[in-house]
Amino acid sequence: MHAPTTPRPATKKSRKAFWLKQLHMWHWMSSAVSLIGLLLFAITGFTLNHAADIEGSPVVIQKSAQMPPVLLARLKAAVPDAEKAPLPPAVAEWVEQSFPVKAAASEAEWSEGEVYLPAPRPGGDAWVAIDLATGAASSEVTSRGWISYLNDLHKGRNSGGEWSLFIDIFAFACLIFAITGLVLLWLHSAKRKSTWPLVGLGLAIPAAIAVIFIH
């Protein structure tokens, strides 16, 4: 009789195949998640580098409105001791209905006779000013075009907390994409002799430019 055979431990080859499968899975998943973001950041990297050559002409829209007396009274009653404070909720709602700005989450600048609400945005700027004596309100909205809008998204400028969270998630996905790609390069480098010279070139070129030309 033959003695019963015991399961053989996983061989080095099978372990390598397992990790290769895992790395390929995480590599393609992270690349799928970050693909559109990478395209956006690559394109806007070029437009930011040539911002002076492709800068658009700003478009300015001005608008005015008269605040209802009831809301003006609430605004006067809410004048804070500090120079900066949010508008009362009812006043902020009226401002958003009257002008194309977001007022609820913004801090206004309060002075003796006026409330000034800055409302910067990607690709432009905006503000609303309210006269505390008369309730006369005016606004100015400046748009610098889609390229400026996308450039500001690239920088996270005036883009809000949700976009900031997206950039964090996108950066993490890119990190996984890069690390898994590096490990895959290492695993396949024995059969691809040009792997590490090319990786080294990717480091040497920007390092040389920074050392030689940037002071």
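Checked against (1) assigned to a helix (DSSP H, G or I); (2) surrounded by 12 or more Cβ atoms within 10 Å (Cβ to Cβ), residue 157 meets all criteria but (1). Return yes or no: is residue 169 β-branched (Val, Ile, Thr) and either in contact with an Asp or Glu (Cβ under 7 Å, 6 or more places away or on another chain) or within 30 Å of residue 16 (Cα to Cα) (or both)? Yes, satisfied.
Hey, any hits in the range 189-203 for a residue that's over 25 Å from residue 116 (Cα atoms), surrounded by 13 or more Cβ atoms within 10 Å (Cβ to Cβ) and either polar (S, T, N, Q) or in contact (Cβ under 8 Å) with a residue 40 or more places away in the chain (or both)? For the range 189-203, residues over 25 Å from residue 116 (Cα atoms), surrounded by 13 or more Cβ atoms within 10 Å (Cβ to Cβ) and either polar (S, T, N, Q) or in contact (Cβ under 8 Å) with a residue 40 or more places away in the chain (or both): present.
Listed by first and then second residue, the pairs linking a residue in the range 31-57 that is exposed (fewer than 11 other Cβ atoms within 10 Å of the Cβ) to a residue that is at pLDDT below 90, with Cβ atoms under 8 Å apart and 6 or more places separating them unless they lie on different chains, form an empty list. Just one of the listed residues (203, 175, 198, 184) is under 27 Å from residue 37 (Cα atoms) and either part of a loop (DSSP other than H, G, I, E, B) or at pLDDT below 90 (or both), namely 184.
When only residues in the range 11-30 that are at pLDDT 90 or above and surrounded by 14 or more Cβ atoms within 10 Å (Cβ to Cβ) count, which is nearest to residue 168 (Cα to Cα)? Top of the filtered list is 30. Restricting the first member to the range 131-146 and to residues that are in a loop (DSSP other than H, G, I, E, B), and the second to residues that are polar (S, T, N, Q), the beta-carbon pairs closer than 7 Å and six or more apart or on different chains are 135/66. Scanning the range 58-91 for residues that are in contact with a Lys or Arg (Cβ under 9 Å, 6 or more places away or on another chain), more than 30 Å from residue 147 (Cβ to Cβ) and either in contact (Cβ under 8 Å) with a residue 40 or more places away in the chain or part of a helix (DSSP H, G or I) (or both) returns 90, 91. Exactly one residue out of 208, 129 is out of contact with any Leu (no Cβ under 8 Å at 6 or more places or on another chain) and of a type outside the set (Asp, Glu), and it is 208. Name every residue in the range 137-178 that is aromatic (Phe, Trp, Tyr) and closer than 28 Å to residue 55 by Cα, in order of residue number. Within the range 137-178, 146, 149, 163, 166, 170 qualify. Has the range 125-137 got any residue that is under 22 Å from residue 45 (Cα atoms) and either surrounded by fewer than 16 Cβ atoms within 10 Å (Cβ to Cβ) or touching an Asp or Glu at 6+ places or on another chain (Cβ under 9 Å) (or both)? Looking through the range 125-137, at least one residue is under 22 Å from residue 45 (Cα atoms) and either surrounded by fewer than 16 Cβ atoms within 10 Å (Cβ to Cβ) or touching an Asp or Glu at 6+ places or on another chain (Cβ under 9 Å) (or both). Any chance the range 94-115 includes a residue that's among the hydrophobic types (A, V, I, L, M, F, W, C) and assigned to a helix (DSSP H, G or I)? Yes, there is a match, as at least one residue in the range 94-115 is among the hydrophobic types (A, V, I, L, M, F, W, C) and assigned to a helix (DSSP H, G or I).
The values are calculated or read from the model by the stated rules, or taken from the named source; none is laboratory data. These figures come from a predicted structure and were not determined experimentally. All Cβ positions, glycine included, derive from the backbone under ideal geometry; neighbour counts span all protein chains shown.
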